[in-house]
Amino acid sequence: MTLSGLLFQALNGLSTASGLFFIAVGLSLIFGVSRIINIAHGSLYMLGTYIAYSFATKIGGVLGFWGGIVATALVVAALGAVIEVLLLRRIYRAPELFQLLATFALVLVFNDAALAIWGPEDLLGPRAPGLRGSIEILDRHLPAYDLFLIVIGPVVLLALHLLLAKTRFGRLIRAATQDREMVGALGVNQAMLFTAVFALGAGLAGLGGALQIAREPANLATDLIAIGDAFVVVVVGGMGSITGAFLAAIIIAEVKALCIAVGVVDLGFVSLNFSKMTLVAEFLVMALVLIVRPYGLLGKKQGAVRSMAEPDEPIRPATLPLKLAGAAIFVVLLCFPLMFRESSPYLLVLGIDVLIAILFAASLHFIAGPGGMHSFGHAAYFGLGAYGAALLVKWLSLPMGLALLAAPLVALAGALLFGWFAVRLSGVYLAMLTLAFAQIVWAAVFQWEELTGGSNGVIGVWPPAPFDKRGMFFLLTLVLAAGGVLLLRRFLFSPFGYAMRAGRDSELRAEAIGIAVKRVHWIAFAIAGAVCGVAGGLFAFAKGSISPETIHVGRSIDGLVMVLLGGLETLTGPIVGATVFVTLQDTIIRQTEYWRALLGAIILLLVLVFPGGIVGGLSRIAARWRAQP
C-alpha cells in the first residue's frame, strides 16, 4: 500500500466518522441528563435510514432526498419525545438498569415494526442529487457525497457547541449533566428538559441514519451494530463530552480504515489479515483507552447521582417456607424425565435450556446485584466454557466428565485476566470494558478458523451414554445448575459476601475498615466467570455444536434481561427471570413471525407493572399486604 493510498483511505475514514459522531453525540446528551442507558438509540438510527429511504424513493428528486433527510430527523425527534413522555417518564423512579430493560424491549418492537413495514431485504437509497459525481484526490476518485459528509460533521459539532455555550437551553443541559437534582431544586421543569434533550438526541440519531442512505443500505441488523459503535465512541471520548465524541469517532473510523488499507501482512512465520481486525478494532481501542484513561480521552469522573429509586432492601437468608418450596420444586424437577419422557419429550429439551439459562443468569446476578458490577460482556465466560469443553473433546478426545471439569477452569482464566482490569473501573465504564473484552473473545473465535472452526463453529459434541438420553442429561444439568446456584448463595452469606456488598455500598467506608475492595471484587468476578463456564460447557453438550453466536453480545444482553426481569435486588430473581424469559421466547417464536415485537411488548408490560422485577414487585405487594391490619 502506497502513502497516497493510505491517505486516501484516511479520507474515507473521515466520512464514516460523521455517522459515528451523530449517533454517539445524541446518546451522550441523553445519558448525561437523564442517566438512562438507552439501548434503543441504535433503533432510532436504524429507523432514520428506513424513513429517509422512503422519502427519497417515494417523493424523489432534490425534495425527496435532501428534504427527506431533514424531515427524517424531525420525525425521529418527535418519536423520541413520545418515547420519553409515554414510557421513560413513568419509570424514572425505577433502578437505572430497569430503564435499560425497557429500552431493550423497544429494540425488539422497533425491529419487528421495520420488518413489517419495509420487509427483510436490504434497501439502498438513490445517489444524492447534486453530489453524484466524484473528485480526484491523490490520483483517486473520492465521491463528492463522502466529501460532504466529511464537512457536515464539524459543522454539526460547531452548532452543538454554540447551542450548549450560548443559549439558556444549553446551559440547562450542562447544569443537568453536573447535578440534575439541583437543577430541579432551582425551579427548572425537569420533565420538559428531559423530553427536549431526548428529542434532540433522537433527532441526531435519525439525522445520522438518514445521511447514510446514499452510502450504505438500510437493514434490520443496523440497530445493534449502531448502538455498539455509539457506546464505544461515547466511552472512548468521555461521557458527556461532545468534543470527545467527535475525537473518538475520528480515531475509531481511522483505525478501521487503516486496517482495510493495510490488508494482509506477511511476517514470514505468520500472516496477519488486518482487514478482519475491523470486526473488533473499536473494542481494542476502547479497552486500551479505558485501561490508560478510565474516564475516556476528554471525560471527567462522574459525580455521584442521587437516585430517584427506592434504596435496596438488605439481602436476607431464605426463610423456612422458601427453603421447603425450593426443595419441593427440586423434587418435582427430578421427576420430570419420568413424567414427560414419552408424552412431551420437548419439555425436557426446554427444561435443559431453562436450567442452563438459570445458571448463566445467577452467575451474572452474583456480580451485578450484590457485587454492583454491571457486566455487558458476561457471554465471554459462557463462550470460553463452551469452547473449552468442545475443543477438548474434538482435539484431545477427552471424555465429557473431564471436559465439563475443564470448562469452568478455562472461563476462570478469562475472568481472572479480564476482571483484573474491569474492577478498577465502575459504572458504565466497567460495563463497556467488559463488553470490549467479550467482543475481543468473539473476534478471536470467529477468525481463528484452524482451531475454532471460524463461523462454522465446532460440531459433533454429543454426550456419551448414559447422558445421550435427554432424561439423563436433564438430571445432570439439574444437579449442576442447582449446585452452582447454591454455591453462589453460600458465598453471598459468607464473610466474603458481606465484604463484597460492603464494597458495593460504600467503597471508601469498606476500605477504611480494612477491606481490600478491588481484590474482593476481582475474586467475585472470577467466581462468577467459573460458574458461567459450567453453563457454557453444558450448553455445548446439550446442543451438540457451538458457534461464535455463543459469545455474541446478544447473549450478554439476554443475560441482563433475565436478571432484570426477575429482579436485581433478590436472590430468586435470576431464577424466575431466566425461566420466564426462555419460556416466553420459546413459546412466542413458535406462534408468530413477529415474535420480537410480542416479546418486547410483554417485557414492557412487566417493567411497568413490576418496576423492580417480577420477584421484587411481588415481594413489595406481599409486604404491603402483611402490613395491613
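The values are calculated or read from the model by the stated rules, or taken from the named source; none is laboratory data. This one's a predicted model, so the numbers in the text were calculated from it and none came from an experiment. Glycine gets a Cβ as well: all are built from the backbone with ideal geometry, and neighbour counts include every protein chain shown. Just the protein is used for accessible areas: all its heavy atoms, side chains included, with ligands, DNA and RNA removed. Shrake-Rupley method; radii C 1.70, N 1.55, O 1.52, S 1.80 Å.
Details
- So ARG596, is it more than 19 Å from ALA113 (Cβ to Cβ) and not hydroxyl-bearing (Ser, Thr, Tyr): no
- Scanning segment 78-103 for residues that are of a type in the set (Gly, Ala, Ser) and open to solvent by 20 Å² or more (accessible area, probe 1.4 Å) yields ALA78, ALA81.
- Selection from segment 118-128 of residues that are over 23 Å from VAL62 (Cα atoms) and either open to solvent by less than 50 Å² (accessible area, probe 1.4 Å) or at pLDDT 95 or above (or both): GLY119
- Whichever residue in segment 34-63 is assigned to a loop (DSSP other than H, G, I, E, B) and under 27 Å from the mean Cα position of the chain (by Cα) and, among such residues, is surrounded by the most Cβ atoms within 10 Å (Cβ to Cβ): ASN38
- Matching residues, segment 250-266, being within 17 Å of PHE283 (Cβ to Cβ) and touching a Gly at 6+ places or on another chain (Cβ under 7 Å): ALA253, GLU254, LYS256, ALA257
- Residue list for segment 95-145, filter: small (Gly, Ala, Ser) and either closer than 30 Å to GLU569 by Cα or under 26 Å from the mean Cα position of the chain (by Cα) (or both): ALA102, ALA105, ALA113, ALA114, ALA116, GLY119
- Screening segment 438-458 for residues that are of a type in the set (A, V, I, L, M, F, W, C) and closer than 16 Å to GLY388 by Cβ and picking the one that is modelled with the lowest pLDDT gives TRP448.
- Listed by position, the helices (runs of 4 or more DSSP H) contained in segment 163-254 that have at least 1 residues being among the acidic types (Asp, Glu) and in contact (Cβ under 8 Å) with a residue 12 or more places away in the chain are 168-185, 222-237.
- Residues in segment 226-252 that are modelled with pLDDT under 90 and either more than 23 Å from VAL197 (Cα to Cα) or among the hydroxyl-bearing types (Ser, Thr, Tyr) (or both): SER241 only.
- Residue check for ALA261: surrounded by fewer than 24 Cβ atoms within 10 Å (Cβ to Cβ) and within 16 Å of ILE150 (Cα to Cα): no
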